[in-house]
Amino acid sequence: MNIDSHEMRQVAQADVPRVDLYAGIHKALRALMADTLLALGRADCEDALEMAQVTQRVHQLLDFCGSHLRHENEFVHKAMEARAPGASSQIAHEHAEHEQEIALLAAQATALLDCEAAARAAGTLALYRALALFIAHNFEHMHVEETAHNAVLWARYTDAELIEIHNALVASIPPEEMMFALRWLVPFMNPAERVAMMADMRAHAPAPAFEAALEVVRPHLGEREWAKLTASLGLGPDA
């Protein structure tokens, strides 16, 4: 990667927070990954309905991961390469590996539903371990993006330019995928991040879309979290 130590020090020493293209979506990914892995680990392999539900969740995670890779490749890596050629090469290579791993895990999850009942416990454990390794690698991968990649972006782009990149990326996401993303994004942000995101959505999205987003996230917020969010947004207690 075309990243020097001076740029990395700038990331660590920055006094004023910069626009971070990774922070929110990576919190969502970490939460979704952990939740899915825990669900798979506790699943009853003798219960056909439960196995169908948990393998569906694995597929949802894998689909979301694949979509996330494509968004980063198309928007973030493209921006990096435009002003720092080669800066995204290592992570781009890992993205290609992740795409292969996603395909293998998806096939493994599908096969689990079709295997003999006697082999299902061993198959579930094998999928659990494979998914755990995939998630572990992704956690390390995301750390590199949040540090090394941000060093490149912050050294070469203004916050206004980064916001333009972010807005273009968000505009490319289909509504159904966006609602799924919001379910994992908003509840796992801190209160300030949560308010900033929802306020921005209210300012730029149609009112029905904003109201639908509130309905999606409300069941996943605690009572105090919801009260803080609605108060900060100036919404009534029954919003």
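The values are calculated or read from the model by the stated rules, or taken from the named source; none is laboratory data. Here the structure is a predicted model, which means the values were calculated and not measured. Cβ coordinates were reconstructed from backbone atoms using ideal geometry, including for glycine residues, and neighbour counts include every protein chain displayed.
Numerical summary
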{"quantity": "Pair list, Cβ < 9 Å and 6+ apart or interchain, from region 213-239 residues that are farther than 14 Å from Arg183 by Cα and among the polar types (S, T, N, Q) to residues that are modelled with pLDDT of 95 or more and assigned to a helix (DSSP H, G or I)", "calculated": "Thr230/Leu214; Ser232/Pro191; Ser232/Ala192; Ser232/Arg194; Ser232/Val195; Ser232/Met198; Ser232/Ala199"}
{"quantity": "Criterion violated by Leu235 - all others in (1) assigned to a helix (DSSP H, G or I); (2) not assigned by TED's automatic domain parsing to the domain that holds Leu104 satisfied", "calculated": "(1)"}
{"quantity": "Lone qualifier among Ala23, Ala28, Ala34, Ala43 - being crowded, with 17+ Cβ neighbours inside 10 Å, closer than 26 Å to Pro174 by Cα and at pLDDT 95 or above", "calculated": "Ala28"}
{"quantity": "Residue satisfying condition, being aliphatic (A, V, I, L, M), out of contact with any Ser or Thr (no Cβ under 9 Å at 6 or more places or on another chain) and under 24 Å from Leu29 (Cα atoms), within set Leu40, Leu127, Leu49, Leu69", "calculated": "Leu69"}
{"quantity": "Given (1) surrounded by 13 or more Cβ atoms within 10 Å (Cβ to Cβ); (2) modelled with pLDDT of 95 or more; (3) under 20 Å from the mean Cα position of the chain (by Cα), index of the condition Leu229 fails", "calculated": "(3)"}
{"quantity": "Residue match in region 177-186 (condition: surrounded by 14 or more Cβ atoms within 10 Å (Cβ to Cβ) and either within 16 Å of Val76 (Cβ to Cβ) or of a type in the set (Gly, Ala, Ser) (or both))", "calculated": "yes"}
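Conditions tested, residue by residue: (1) surrounded by fewer than 18 Cβ atoms within 10 Å (Cβ to Cβ); (2) modelled with pLDDT of 95 or more.
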position: Glu81; (1), (2): yes, yes
position: Gln108; (1), (2): yes, yes
position: Leu113; (1), (2): yes, no
position: Phe134; (1), (2): no, yes
position: Glu140; (1), (2): yes, yes
position: Leu153; (1), (2): no, yes
